[in-house]
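The values are calculated or read from the model by the stated rules, or taken from the named source; none is laboratory data. Computed from a predicted structure; not experimentally measured. Cβ atoms come from the backbone with ideal geometry, glycine included; neighbour counts cover every protein chain shown. For the accessible areas, the whole protein counts, side chains as well, though only heavy atoms, and no ligand, DNA or RNA atoms are used. Shrake-Rupley method; radii C 1.70, N 1.55, O 1.52, S 1.80 Å.
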Amino acid sequence: MTLDPRYSRSVGLFGASGQNLLSSSRVAIVGLGGIGSHLGQQLAYLGIESFSLIDHDLVTDSSLNRLVGATAEDVGSPKVDIAKRTIELIQPGADVRAWASSFSDASGTGSLDLSSFDVVFGAVDTDPVRLDLLSETSACGTPYLDCASDVLVEDGMVEAFGGRTAFNFVERGCLACFDLLDQRELRRATMTPEELATDDRLYGVPRSVLNARGPSVISVNGVIASVGVTEFMVWHVGLRRPQRLLTYRADVGGVRASLDDPPEVCPYCDMYEARRTIEPT
Ligand SMILES: [Zn+2]
């Protein structure tokens with residue numbers, strides 16, 4: 001393959017073979033909001049030419065402070081359309097498929113084959129969707145890189161803010177066995193309105209609901225996306241072992257890697273390993 005001169009500065013880091021690996025890889029991004037829009041832009045500049053984009057949400061006035069590529073004229077448009085446009089401006093020859101629907105609806109149609117991707121990026125707002133992504137990628141034997149922002153608000157005051165990346169299955173370990181999913185939020189996703197009202201009375205309204213429209217700024221999202229894309233890049237081209245879990249504390253300034261080992265038993269990690277054993281790629 002002849003190397004495009006636009007990648008000469010990237011090749012200085014990971015070589016022509018690494019660039020060719022990236023250019024021929026296939027990625028899916030679920031969630032094209034504050035973090036996902038950065039992911040699309042960076043992956044396109046990195047040389048990725050095959051994208052599948054999934055997000056049911058529309059651009060609003062309040063997303064214009066952080067949605068990469070969006071202008072005031074885009075308010076009301078699907079976020080996947082903005083991401084597709086941004087990627088195609090950077091990579092005019094890219095194959096970009098877009099689903100303006102929820103992840104469950106897109107995967108339910110059968111037209112979204114998660115086993116066909118080198119990696120699935122997740123930049124979604126809720127843990128029930130993260131659990132769906134974890135379950136489906138483990139069953140397909142596809143690594144899943146989850147990027148999330150987090151803001152801790154106590155009594156109306158921001159106590160901490162930042163986010164994290166979790167590279168599920170690339171080595172053993174995932175959101176479930178590292179206990180990174182909010183069990184109460186997952187239980188509430190299956191409750192009736194009456195059960196939710198009872199749950200609110202017994203335990204109070206959860207933080208995930210109170211912060212549904214919490215603070216979100218472009219620079220913090222950009223760091224989280226950059227950390228995620230870098231972990232994908234170093235893993236895919238073989239520069240170094242990727243970190244399973246990286247936490248960004250923007251309130252104190254720093255990125256920390258978790259050194260915890262995963263437990264020996266995890267249904268999602270076991271499923272992934274069984275699938276990879278059956279169908280090595
Ligand atoms: Zn696990």
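Quick one: if the Förster radius is 51 Å, what FRET efficiency do VAL75 and VAL265 give, using the C-beta to C-beta distance and rounding to 0.05?
Calculated value: 0.60.
Do you know the relative contact order of region 92-177, to the nearest whole percent, from alpha carbon pairs under 8 angstrom that are 6+ apart? Walk me through the numbers before you get to the answer.
Numbers: 101 pairs, mean separation 18.5, N = 86.
Reported as a whole number, the value is 22 percent.
Pull out the extension gain between ASN20 and SER135, defined as 0.36 nm times the separation in residues minus the alpha carbon to alpha carbon distance; nm, one decimal.
Value of the extension gain: 38.4 nm.
List the residues of region 83-113 whose backbone N lies under 19 Å from a point placed 7 Å from the Cα of ASP199 along the Cα-to-Cβ direction.
Those under the cut-off are 104.
Mind ranking THR86, THR190, THR60 by accessible surface for me, highest first, 1.4 Å probe? All intermediate terms of the calculation are to be shown ahead of the outcome.
Values: THR86 20, THR190 115, THR60 60 Å².
Largest accessible area first, the list is THR190, THR60, THR86.
List the cysteines in the chain whose Cβ has no other cysteine Cβ under 4.7 Å from it.
CYS140, CYS147, CYS174
May I ask for the longest run of the chain untouched by trypsin sites (Lys or Arg not before Pro) that are loop-located per DSSP and have at most 16 neighbouring C-beta atoms (other than their own) within 10 Å? Mind dumping the intermediate values first?
Numbers: sites that count: ARG213, ARG240.
Longest run free of exposed loop sites: 1-212.
Show me the helices of the chain, taken as full DSSP H stretches, that run 20 Å or more along their long axis by Cα and average -0.5 or above in Kyte-Doolittle hydropathy.
218-237
Under a point-charge model restricted to the Cβ atoms of Lys and Arg (+1) and Asp and Glu (-1), what is the dipole moment magnitude of the chain relative to its Cα centre, in debye to the nearest 20?
Using Cβ point charges on Lys, Arg, Asp and Glu, the chain gives about 840 debye.
What distance in nm separates the simple spin-label points at ASP251 and GLU159, each placed 7 Å from Cα in the Cβ direction?
If labels sit at ASP251 and GLU159, their model points lie 0.7 nm apart.
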